[in-house]
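Worksheet for the structure shown next.
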Amino acid sequence: MADRNDAHSHDAQRKSPSASRRNFLQALAGAGAAISFSSRIANAQQGEIGYWAKDLSDAQLTNMFSTILKIRWYERTLVDKMLTDSNYRGYNHFYVGQEAVATGVCAALKNTGGVMEADLIYSTHRPSGHAIAKGTDIKKMAAEYDFRATGLNKGYAGEMHISDKSIGFMGADGMIGPGPVIATGSAFAIRARGSKQVVVNFGGDGTYATPHFHSAMNNAALLKLPFIYVIENNLYHQYAHYSWSCPMKDIAEAAGTYGVPGVVVDGQDVMQVYNAAKTAVERARAGQGPTLIEAKTYRYYNHWGAPGAKPGELGAFGYDPLAISSFRPEREVREWMTRDPVDICRNTLIGWKVIDATKATAMEAAIKQEVLDAVAWADKQPFCKPEDGLKNVFVEGSVAARQFG
Amino acid sequence: MARKSFMYSVLEAVQYEMRQDKNMIWIFELTPPVASNPGRPVINLETEFGRLRVANTGIDENWMAGCVLGAGLAGSKALTYIPYQGACMPFQMIQNHAGKLRSMTGGDAAMPVVFIMEMTGQTAGFAGQHSDYEIDTYYAHIPGVKTVIPSTPADAKGMMASAIRDPDPVVFLYAAGLRELVEEVPDEQYLTPLNKAVVRTTGSDLTIVSSGAGMPDVLDATEKLQKAGMKVEAIDLRCLKPMDTETLVKSVQKTKRLLTFDQSYYTLCPGAEVIARVAENVDGAKYKRIAFPDAPPPAAPEMFNWMRPNADHIIAAAKRLVS
Ligand SMILES: Cc1ncc(C[n+]2csc(CCOP(=O)(O)OP(=O)(O)O)c2C)c(N)n1
């Protein structure tokens, strides 16, 4: 953080907002490269992807911060709920720590207009960040997480299967693998009908090992599909380090195999993510085919639920579910938390004079309240009717109850 | 003899065989082969046999199934543990390769391999992709693979030992809902046949047939029905393929009433096969089957728990059949 503060306090940067932003970004890009990555891919791309965010309007930038905060507080509220409210039935694969990835990517997309117009995103078993960044209704989403009849998917989905077609959020997927293949199918349809939409697939580092990863990349490259694969490399697939399933340091290297650009970005920095996404989106819209983006990031909670977490505190510590795995040294969690996506975004916007500290704090308070209200609304929603379980198997009618003999 | 959990019993059988056979291997992706039991040593195949023989891989169930198949063809016994989320990913590998290679090679190919398939379906709220039911039927339909589904820790140990020693591929369906079951299980290695059902209670009024995760409800209902004076013969299939037709037919010849119960989708559930086999051999019997509706499991517990067949459903159906 010290580097960044030094960078934006420099006199020259105070002269005009855009000059200030550019210099700041240069400093940031350099710092990012030095801190985290030294790979061929990252170095090759650094200059190219560094300069989109500065063109965004203040409103757009503020919106990004707002999205990051929404994801953060939605999740923190649910962590606390899981830990303290025994009536709460939802379970969660928390996204906290990775907010900048969903936010930066979705900021480069068109998020209105349904499947025929919006850009489409395919999510994972860890969907809340993607859904919020795409613009889903937090109230309805919270209700779905607790299986309420008025939830986003009427209580049929639960966390791992939420979807919201109206904004191009094609859905969470409880499976590791098939999602990206299906996403390329959407991209194929889009290209065939001559639409300018693009399709983004979010996948964890764990997806690298699946045959589906390779199938999606290969076919997207062969057919030059408007497809972007965003790997959120949070270092672990479930309880195993990604190096147990990927022999390379950077998963983005795989892109070379398919003749596709591979980009490594600092997933903690929303501007870096946005820049990479924007470049990929432009490419896809121009008919130049797919991109593989690997965002280096980290989740502050465990794979599933909130073991090791304490109410009101950020992150989970000291929990080794299997006592035999190499899962997450506590020091590693703390180290990543010093490069927090909320702080990085906040400091960038303050550094760019888009907002000041007072405004940032006020935004945080307002969003906290918005989320609390949404979860309180969800809490009051009706439960599902048991017999409705027989509905929605097909578009019409319901299937027979067979449990009574 | 000691009280042991389901997975402890399974791993005890595997550990014994791996100690005897230095070539035997185990592949897993996220469920390490570890089990503990109060007062006994922890079984950890990964630390005991090392990473050359017990490998933790990336998320690719298709590869895992293919890997053990290839190992088997190359002359090594091999097992893989497929978690419930991936239980259908290797379907093609098992259906078109494991199931056909012996036949296609004129009897030459030997595949001493075991595919342990974790099955869920027990947990409300997991929803759609995470609480599937029907994989017992899918795998039981494949010629050339034996498909077994033990419902007790003692059977699980004996059937695992038999599965490993069997020169043919075995799909070992592990109903995750039985994870917490504990019972007396012998310490020594023993073999339980892979083609025999077991009669859990004898009776002359009604035959109830189930398997795997359905058995606890059947035993619960049977106890209540027996107390109410109904003489129930409860049969645990244990093996879906080959299916022990003889035990089923013998029972229904006596009771003339057959109720099947499955934690599986109604259409083509194991009970459908049971009824068909009995109907071919017994005249004048009455039949009823209980199963999960032909619907993906919805997330909300209200819907899911209402749809999931339970002991009360068995009791009500049994009374209707016998009255
Ligand atoms: C086909 C399949 N196999 C196994 C699982 C179980 N599973 C759920 S999440 C997960 C790890 C995913 O890791 P990654 O893609 O890196 O995402 P992360 O959880 O780290 O965000 C696994 C193996 C699954 N959901 N689907």
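The values are calculated or read from the model by the stated rules, or taken from the named source; none is laboratory data. Only a predicted model underlies this, so the values are computations on that prediction, with no experimental measurement involved. Because the Cβ atoms are built from the backbone with ideal geometry, glycine has one as well, and the counts that use them run over all protein chains shown. Accessible surface is based on the protein model in full, side chains and every heavy atom, while ligands, DNA and RNA are left aside. Shrake-Rupley method; radii C 1.70, N 1.55, O 1.52, S 1.80 Å.
Quick look at the values:
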quantity: Residues of the range B:1-30 satisfying the condition of being in a loop (DSSP other than H, G, I, E, B), surrounded by fewer than 19 Cβ atoms within 10 Å (Cβ to Cβ) and in contact with a strand residue (DSSP E or B) (Cβ under 8 Å, 6 or more places away or on another chain); calculated: B:M1
quantity: Residue that is in contact with a strand residue (DSSP E or B) (Cβ under 6 Å, 6 or more places away or on another chain), away from chain A (no Cβ under 14 Å) and of a type in the set (V, I, T), where the choices are B:V252, B:V209, B:V282; calculated: B:V252
quantity: Residue in the range B:61-78 that is within 14 Å of chain A (Cβ to nearest Cβ), open to solvent by 20 Å² or more (accessible area, probe 1.4 Å), touching a Phe, Trp or Tyr at 6+ places or on another chain (Cβ under 7 Å) and touching a residue at least 24 places away in the same chain (Cβ under 8 Å) present; calculated: no
quantity: Residue within the range A:221-233 that is of a type in the set (A, V, I, L, M), in a helix (DSSP H, G or I), more than 9 Å from the ligand (Cβ to nearest atom) and open to solvent by 10 Å² or more (accessible area, probe 1.4 Å) present; calculated: yes
quantity: Residue selected from the range B:255-264 under the condition modelled with pLDDT of 95 or more and within 14 Å of chain A (Cβ to nearest Cβ), by the criterion farthest from B:G125 (Cα to Cα); calculated: B:R257
quantity: Boolean, B:V42 is touching a strand residue (DSSP E or B) at 6+ places or on another chain (Cβ under 8 Å) and open to solvent by 70 Å² or more (accessible area, probe 1.4 Å); calculated: yes
quantity: A:M175 being within 16 Å of the ligand (Cβ to nearest atom) and either in a loop (DSSP other than H, G, I, E, B) or among the small types (G, A, S) (or both); calculated: yes
quantity: In the range A:129-155, residue nearest to the chain's Cα centre (by Cα) [restricted to those that are among the hydroxyl-bearing types (S, T, Y) and either within 18 Å of A:G206 (Cβ to Cβ) or surrounded by fewer than 24 Cβ atoms within 10 Å (Cβ to Cβ) (or both)]; calculated: A:T136
quantity: Looking only at the range A:57-92, and only at residues there that are open to solvent by less than 20 Å² (accessible area, probe 1.4 Å) and either within 16 Å of A:K310 (Cβ to Cβ) or modelled with pLDDT under 95 (or both), the one that is nearest to the chain's Cα centre (by Cα); calculated: A:E75
quantity: Extreme residue, nearest to B:P169 (Cα to Cα), among residues of the range B:124-141 that are within 14 Å of the ligand (Cβ to nearest atom), over 13 Å from the mean Cα position of the chain (by Cα) and more than 9 Å from chain A (Cβ to nearest Cβ); calculated: B:D132
quantity: Residues (open to solvent by 60 Å² or more (accessible area, probe 1.4 Å) and more than 29 Å from B:M307 (Cα to Cα)) located in the range B:279-294; calculated: B:E280, B:N281, B:D283, B:G284
quantity: Qualifying residue in the range B:94-108 (condition: closer than 27 Å to B:L191 by Cβ, within 16 Å of the ligand (Cβ to nearest atom) and within 13 Å of chain A (Cβ to nearest Cβ)); calculated: no
quantity: Cross-chain or 6+ apart pairs with Cβ under 6 Å, the range A:392-405 first and hydroxyl-bearing (S, T, Y), then outside any loop (DSSP other than H, G, I, E, B); calculated: A:S398/A:L390; A:S398/A:K391
quantity: All positions within the range A:239-295 that are basic (K, R) and closer than 25 Å to A:A189 by Cα; calculated: A:K278, A:R283, A:R285
quantity: Selection from the range A:234-260 of residues that are more than 10 Å from the ligand (Cβ to nearest atom), of a type in the set (S, T, Y) and in contact (Cβ under 8 Å) with a residue 24 or more places away in the chain; calculated: A:T257, A:Y258
quantity: Members of the range A:198-213 found to be open to solvent by 10 Å² or more (accessible area, probe 1.4 Å) and among the aliphatic types (A, V, I, L, M), listed by number; calculated: A:A209
quantity: Subset of the range A:156-172 [facing another protein chain (nearest Cβ under 8 Å) and either more than 16 Å from the ligand (Cβ to nearest atom) or open to solvent by less than 20 Å² (accessible area, probe 1.4 Å) (or both)]; calculated: A:Y156, A:A157, A:G158, A:M160
quantity: Condition met for B:A276 (more than 24 Å from B:G158 (Cα to Cα) and open to solvent by less than 30 Å² (accessible area, probe 1.4 Å)); calculated: no
quantity: Test: residue in the range A:182-197 that is of a type in the set (S, T, N, Q), within 9 Å of the ligand (Cβ to nearest atom) and either open to solvent by 30 Å² or more (accessible area, probe 1.4 Å) or within 13 Å of another protein chain (Cβ to nearest Cβ) (or both); calculated: no
quantity: Filter result (away from every other protein chain (no Cβ under 11 Å), over 23 Å from B:A2 (Cβ atoms) and either in contact (Cβ under 8 Å) with a residue 40 or more places away in the chain or of a type in the set (G, A, S) (or both)) within the range B:14-60; calculated: B:D21, B:N23, B:M24, B:I25, B:W26, B:I27, B:G50
quantity: Unmet requirement for A:L83, which otherwise passes all of (1) in a loop (DSSP other than H, G, I, E, B); (2) more than 16 Å from the ligand (Cβ to nearest atom); (3) among the hydrophobic types (A, V, I, L, M, F, W, C); calculated: (1)
quantity: Failed item, numbered, when A:H212 is tested on (1) in a loop (DSSP other than H, G, I, E, B); (2) within 10 Å of chain B (Cβ to nearest Cβ); (3) within 16 Å of the ligand (Cβ to nearest atom); calculated: (1)
quantity: The listed residue being in contact (Cβ under 8 Å) with a residue 40 or more places away in the chain and within 16 Å of the ligand (Cβ to nearest atom), out of A:A108, A:A102; calculated: A:A102
quantity: Residues of the range B:242-262 satisfying the condition of being more than 17 Å from B:A316 (Cβ to Cβ), surrounded by 22 or more Cβ atoms within 10 Å (Cβ to Cβ) and within 19 Å of the chain's Cα centre (by Cα); calculated: B:L248
quantity: Test: residue in the range A:262-280 that is within 18 Å of the chain's Cα centre (by Cα), closer than 30 Å to A:V96 by Cα, within 16 Å of the ligand (Cβ to nearest atom) and open to solvent by 10 Å² or more (accessible area, probe 1.4 Å); calculated: no
